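Working notes for the structure below.
Readers should treat all values here as calculations from the given coordinates under stated rules, not as data from a laboratory. Keep in mind that what you see is a predicted model, and the values were worked out from it rather than measured. Neighbour counts run over all protein chains shown; Cβ positions are idealised from the backbone, glycine included.
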Amino acid sequence: MRAPILTLKDLAEADREREARYYLRHVVPIYFELRKAQDVRQPVHTAFAFSVAGCWVLMTAGHCITEIKQAREAGWELQKAYILDSLGVNAKYPGPVPFDYDGAHPMPICHDEAWDYGVMFPNENTIALLKANGVTPFDEQWWTDEPDDVDAFFLLGAPDQITTASVSGVKLGAAMARVLPLTGRPDGFCETNAPMFYGELAENPLSSVRGMSGGPIVSFKNGPEGGPGKYWLHAMQVSQVKGSKYISGIRIAPLGGFMKAIAEGKHRDLDQYRE
């Protein structure tokens, strides 16, 4: 597989490319090559690096993992998987990272489909390669102590509409889209007790955000008197009302608390983190 070609589709008003790449250093889309007889599928799923107590995992939407599983059960053979880790501002190497997908034990975390968390556990060699290319995991500083009065939300990811894969390589399109938070659940989303975030894309030149499932939704708070601001990992995008600007995400803090409890040797059920 040749090195991916990167194009940056900025949906965040007039943000500069370098600034967008600063936030995209957390994002690591995954390329899959599936074959069935003479047919080939080449999906690219958005994912991001996440860590708890220093332990790295790759997060994506649980339904993305389920889709790969269902394709294989239908006779599609997974021949290759690569992590595309060159989105970040400090990336030094454009080539993709070979990914032992099965060895990463991909799994949805909860049987309840509304709790759409999916996780993969990369091996130490893969983690070292990601670190060497400037990939930064969202650790506790980014998913704890988020204030209520943030100023903006943005969705990051690799939408299908501007990402193409072929035998010659991947043209990877990255998007940073501003999202306006909503106080209620829009029509078109199922009722659930999962800790959800609902928002409306402020600008939507894309006809669909398909491919961005598993993308991080980050919240921003401006600094005092024009000083440097801060950002947090607020949620993970999981769905969109077809033909609309409405998206949903599942909050990350409950998952982080659950995984932190496991890391500390406390055996708790994810139900304890339901809001």
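For segment 146-203, which fully contained strands (runs of 3 or more DSSP E) count at least 1 residues that are out of contact with any Ser or Thr (no Cβ under 6 Å at 6 or more places or on another chain) and of a type in the set (S, T, N, Q)?
Per the criteria, 164-166.
Under the condition of being within 16 Å of Pro29 (Cα to Cα) and hydroxyl-bearing (Ser, Thr, Tyr), which residue from segment 52-108 is farthest from the chain's Cα centre (by Cα)?
My answer is Tyr93.
For residues that are under 15 Å from the mean Cα position of the chain (by Cα) and over 22 Å from Leu58 (Cβ atoms), tally how many sit in segment 230-239. Steps first, please.
Applying the first criterion (under 15 Å from the mean Cα position of the chain (by Cα)) to segment 230-239 yields 232-239.
Within this subset, residues satisfying the condition of being over 22 Å from Leu58 (Cβ atoms) are none.
Residues flagged as under 15 Å from the mean Cα position of the chain (by Cα) and over 22 Å from Leu58 (Cβ atoms) within segment 230-239 amount to 0.
Restricting to segment 111-135, count the residues that are polar (S, T, N, Q) and surrounded by 19 or more Cβ atoms within 10 Å (Cβ to Cβ).
Number satisfying all stated conditions: 2.
Out of segment 147-157, which residues are touching a Lys or Arg at 6+ places or on another chain (Cβ under 9 Å) and charged (D, E, K, R)?
Once the filter is applied, which keeps residues that are touching a Lys or Arg at 6+ places or on another chain (Cβ under 9 Å) and charged (D, E, K, R), segment 147-157 yields Asp149, Asp151.
Can you pull out every residue in segment 83-110 that is exposed (fewer than 15 other Cβ atoms within 10 Å of the Cβ), acidic (Asp, Glu) and assigned to a loop (DSSP other than H, G, I, E, B)?
Asp100 - this is the single residue of segment 83-110 that is exposed (fewer than 15 other Cβ atoms within 10 Å of the Cβ), acidic (Asp, Glu) and assigned to a loop (DSSP other than H, G, I, E, B).
Where residues in segment 136-171 are exposed (fewer than 12 other Cβ atoms within 10 Å of the Cβ) and of a type in the set (Gly, Ala, Ser), which of them is nearest to Ile30 (Cα to Cα)?
The selected residue is Ser166.
Taking segment 110-143 as the region of interest, how many residues are of a type in the set (Ser, Thr, Tyr) and either closer than 24 Å to Thr192 by Cβ or in contact with a Pro (Cβ under 6 Å, 6 or more places away or on another chain) (or both)? Full working, then the answer.
The initial filter retains those residues of segment 110-143 that are of a type in the set (Ser, Thr, Tyr), namely 117, 126, 136.
Going one step further and asking which of them are either closer than 24 Å to Thr192 by Cβ or in contact with a Pro (Cβ under 6 Å, 6 or more places away or on another chain) (or both), we end up with 117.
So the count comes out to 1.
So is Lys80 over 17 Å from Gly215 (Cα atoms) and either outside any strand (DSSP E or B) or in contact with a Leu (Cβ under 6 Å, 6 or more places away or on another chain) (or both) or not? Spell out the reasoning first.
Details: over 17 Å from Gly215 (Cα atoms): yes; either outside any strand (DSSP E or B) or in contact with a Leu (Cβ under 6 Å, 6 or more places away or on another chain) (or both): no.
No, not satisfied.
Tell me, which residue of segment 119-133 that is in contact (Cβ under 8 Å) with a residue 24 or more places away in the chain, outside any helix (DSSP H, G or I) and not hydrophobic (A, V, I, L, M, F, W, C) is nearest to Arg25 (Cα to Cα)? Steps first, please.
Step one: of segment 119-133, the residues in contact (Cβ under 8 Å) with a residue 24 or more places away in the chain are 119-122, 126-127, 129-130, 132-133.
Checking which are outside any helix (DSSP H, G or I) leaves us with 119-122, 133.
Keeping just the survivors that are not hydrophobic (A, V, I, L, M, F, W, C) gives 122, 133.
Numbers: Pro122: 17, Asn133: 9 Å.
Only one residue fits best here, namely Asn133.
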